[in-house]
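Novice: Before we start, here is the structure in question, set down as structure tokens.
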Amino acid sequence: MLSGLPNEKEAVYGALNKWVAWEVEFPIIAAAKALQILRKRSQWHRVIQLAKWMLSKGQGATMGTYDTLLLAFDMEERADEAESLWNMILHTHTRSIPRRLFARMVALYAHHGLQDKVIEVFADMEELKVRPDEDTARRVARAFRELGQEEKRKLILKRYLSEFKYIYFNGERVRVKRYSSEEG
């Protein structure tokens with residue numbers, strides 16, 4: 001339905017409004033499926049349009065929708081809009097934000113070279129006692145290195161990277177000790 005429409009917001013919103021006009025209940029399942037299809041096809045502009053339309057109707061305000069919308073903002077290089085959405089999420093869902101969304105924001109800011117923002121998101125993670133995954137810890141450590149704060153970088157790596165890692169050797173999962181040269 002959306003693929004044949006022009007890229008204008010009014011045309012897309014109009015078509016979506018016509019689609020739900022005669023429905024008794026909001027077709028959240030169909031809209032969520034459409035969002036996932038657009039995500040798989042990497043049609044990020046359409047993902048943003050559909051997600052914003054859903055949220056404007058008061059529907060689909062889930063962490064999955066927020067994650068998809070943040071990814072679309074990242075792919076479309078719209079870090080400012082991602083930041084405003086992130087601030088809204090942070091203020092409305094303070095105690096229930098999953099690690100995945102924190103990791104998405106750290107990755108988005110790191111992707112756009114906004115190292116001070118990476119550290120801000122990480123500070124929010126620590127304040128809310130959300131433990132970062134290893135990729136997020138490495139991105140935060142890299143941000144500290146680029147800002148010239150080597151001591152904080154080492155502290156992050158020591159605190160959040162485990163002493164061991166798991167690799168596959170001859171088809172079996174094996175635990176091996178990490179080398180210090182891998183840090184960062």
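Every number here is computed from the coordinates shown, using simple stated rules; none is lab data. As the structure is a computational prediction, the values presented were derived from the model and not from experiment. FYI the Cβ positions are ideal-geometry reconstructions off the backbone, even for glycines, and counts take in every protein chain you see.
Novice: Explain nothing, just compute: Karplus ³J(HN,Hα) = 6.51 cos²θ - 1.76 cosθ + 1.60, θ = phi - 60°, for every residue of the range 104-113 in order, whole Hz, x for Gly and Pro.
Specialist: Per-residue couplings from phi come out as 4, 5, 4, 5, 4, 5, 5, 4, 9, x Hz.
Novice: By count of other Cβ within 10 Å, fewest leading, how are 68, 62 ordered?
Specialist: Placing the least packed residue first, the sequence is 62, 68.
Novice: When the helices in the chain are scored as -39500 (n - 2.57) per DSSP H run of 4 or longer and the sum is shared across all residues, what 222 nm value do you end up with, to the nearest 500 deg cm²/dmol?
Specialist: -19500 deg cm²/dmol
Novice: With just the Cα atoms defining each centre, how far is the range 13-29 from the range 30-88? Give it in Å.
Specialist: 18
Novice: How about the range 45-145: which trypsin sites (Lys or Arg not before Pro) there are in a DSSP loop, with at most 11 other Cβ atoms within 10 Å of their Cβ?
Specialist: Answer by residue number: 129.
Novice: Mind checking the angle between helix 44-56 and the chain's longest principal axis? C-alpha axes, 0 to 90 degrees, to the nearest 10.
Specialist: With both axes taken from Cα atoms, the answer is about 70 degrees.
Novice: Which ³J(HN,Hα) values, rounded to whole Hz and listed in residue order, are derived for the range 12-24 from phi using the Karplus coefficients 6.51, -1.76 and 1.60 in 6.51 cos²θ - 1.76 cosθ + 1.60 with θ = phi - 60°, glycine and proline given as x?
Specialist: These are the phi-based 3J(HN,Hα) values: 5, 4, x, 5, 5, 5, 4, 4, 9, 4, 9, 7, 6 Hz.
Novice: Rounded, prolate or oblate: pick one for the range 10-116, where a ≥ b ≥ c are the square roots of the eigenvalues of its C-alpha gyration tensor, a/c under 1.5 means rounded, and failing that, prolate if a/b is larger than b/c, else oblate.
Specialist: Note, shape of the range 10-116 comes out prolate.
Novice: When a/c is below 1.5 the answer is rounded, else prolate if a/b is larger than b/c, else oblate, so apply that to the range 1-61 with a ≥ b ≥ c taken from the square roots of the Cα gyration tensor eigenvalues.
Specialist: It comes out oblate by the Cα gyration axes.
Novice: Sorted from fewest to most neighbouring beta carbons within 10 Å, what does the list 75, 105 look like?
Specialist: By the 10 Å Cβ count, ascending, the order reads 75, 105.
Novice: In the chain, if every C-alpha pair distance is counted and binned at 10 Å from zero, what percent goes to each bin?
Specialist: So the P(r) values, bin by bin, are 8, 30, 27, 20, 10, 4, 0.
Novice: How do 136, 94 line up, fewest other C-beta atoms within 10 Å first?
Specialist: Ranking 136, 94 by Cβ neighbours within 10 Å, fewest first, gives 94, 136.
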